[in-house]
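Here is the structure we will look at, set down as C-alpha cells.
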Amino acid sequence: MSNISENIKQIKEQIKKFATNVKRPQESVSLLAVSKTKPISQIIEAYEEGQRQFGESYAVEACDKIKQLKAMGYNDIKWHFIGPCQSNKTKLIAEHFDVIQSIDRLKIAERINNQRPQELGTVEIMIQVNISNEAQKSGVSISDTPELIAQITEKCPMLKIIGLMGIAEDTTDTSKITAQFQALQNLKNELSFKYPDITQLSMGMTNDMQEAISAGSTMVRIGTAIFGARDYSKHI
Ligand SMILES: *Cc1c(COP(=O)(O)O)cnc(C)c1O
C-alpha cells in the first residue's frame with residue numbers, strides 16, 4: 001500500500017508552513033509532482049488527490065506514460081519536462097509536453113521551436129540556469145542567461161518564456177543553497193522588468209524545499225517525498 005495521497009497532503013502542509021514563515025501566501029507556491037521512473041498507477045493516485053501538474057525527465061518513458069494516460073481520459077494534466085534536453089529527443093518533447101523547464105541552449109530551443117506541432121500552439125518554457133556552478137550540471141550560466149533569453153525571444157515564436165529553473169548544490173550547507181536560490185531570484189527580478197511573462201521561479205526539491213520557498217520559489221518540484229525513492233535500474 002503506498003501513501004501517495006497522505007504524502008501530498010503533508011507536502012502541502014509544509015508548503016503552507018514554509019510560505020507563511022516568510023509572509024508569502026500558500027497559493028504563491030505550486031507543487032509539481034515529479035513522477036519520473038514511477039508507474040502510471042502512482043500518477044493516478046496523485047491525480048485522485050487533486051494533483052494536476054507532473055514533471056518527467058526521460059522523454060521516451062514520459063511520452064509512453066502521457067499517451068497511455070490520455071487514452072484513459074486523463075486529459076487535464078499539465079506535463080512539465082525537467083530532464084536534460086538531448087537533440088535526438090527534442091521532437092518527442094515538443095510533441096508531448098506543455099512546459100519545458102530545462103532549456104539551456106539556443107540550438108535546442110530552435111529545434112523545439114521547429115518541431116512543435118502548430119495545432120498545439122506555443123509551448124511554455126523555462127530557462128535552466130546553472131546556479132551551483134558545478135561543471136557536470138546542466139544549465140546556462142547566470143551571466144549568459146540574458147543573451148540566451150534575448151535570442152530565444154527573437155528567433156523562437158513557438159516558445160513562450162515563463163520563468164527560470166534552477167537546481168541547488170547537493171550539500172548540507174544550507175547557507176550555500178540559500179545563496180544559490182537567492183541569486184536565481186535576483187536574476188528573475190531583473191529580467192521580469194524587460195520580460196513581463198517571466199514570472200515563474202522553479203526551484204526546490206524534496207531536500208531543499210524550505211530554502212527555495214524562503215528565496216521566492218513559485219514552484220517546487222517534489223519526487224521522493226511524494227512517490228518514495230526511485231529505482232534507476234531501467235535508466236542506466
Ligand atoms: C528528479 C528531479 C526532481 C525531484 O527530486 P526529489 O529530490 O526526488 O524531490 C526535481 N527536479 C529535477 C530537475 C529532477 O530531475
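The values are calculated or read from the model by the stated rules, or taken from the named source; none is laboratory data. No experiment lies behind these values; they were computed from the predicted model shown. We place every Cβ from the backbone using ideal geometry, glycine too, and count neighbours over all the protein chains shown.
A compact table of results
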quantity	calculated
Top-ranked residue of the range 65-101 - restricted to ones that are among the charged types (D, E, K, R) and in a helix (DSSP H, G or I), ranked as surrounded by the fewest Cβ atoms within 10 Å (Cβ to Cβ)	LYS67
Residue in the range 176-195 that is of a type in the set (A, V, I, L, M) and within 16 Å of the ligand (Cβ to nearest atom) present	yes
Within the range 89-108, tally of residues that are of a type in the set (Asp, Glu) and under 15 Å from LYS65 (Cα atoms)	2
Condition broken by GLU134, with the remaining ones in (1) crowded, with 17+ Cβ neighbours inside 10 Å; (2) within 30 Å of LYS91 (Cβ to Cβ); (3) among the charged types (D, E, K, R) satisfied	(1)
Among residues of the range 1-38, those that are modelled with pLDDT of 95 or more, in a loop (DSSP other than H, G, I, E, B) and within 16 Å of the ligand (Cβ to nearest atom), counted	5
Residue list for the range 196-231, filter: more than 10 Å from the ligand (Cβ to nearest atom), of a type outside the set (A, V, I, L, M, F, W, C), on the phi < 0 side of the Ramachandran plot and touching a residue at least 24 places away in the same chain (Cβ under 8 Å)	ASP197, THR199, GLN200, GLN210, GLU211, SER214, SER217, THR218, ASP231
Criterion violated by LYS137 - all others in (1) farther than 26 Å from SER30 by Cβ; (2) at pLDDT below 95; (3) charged (D, E, K, R) satisfied	(1)
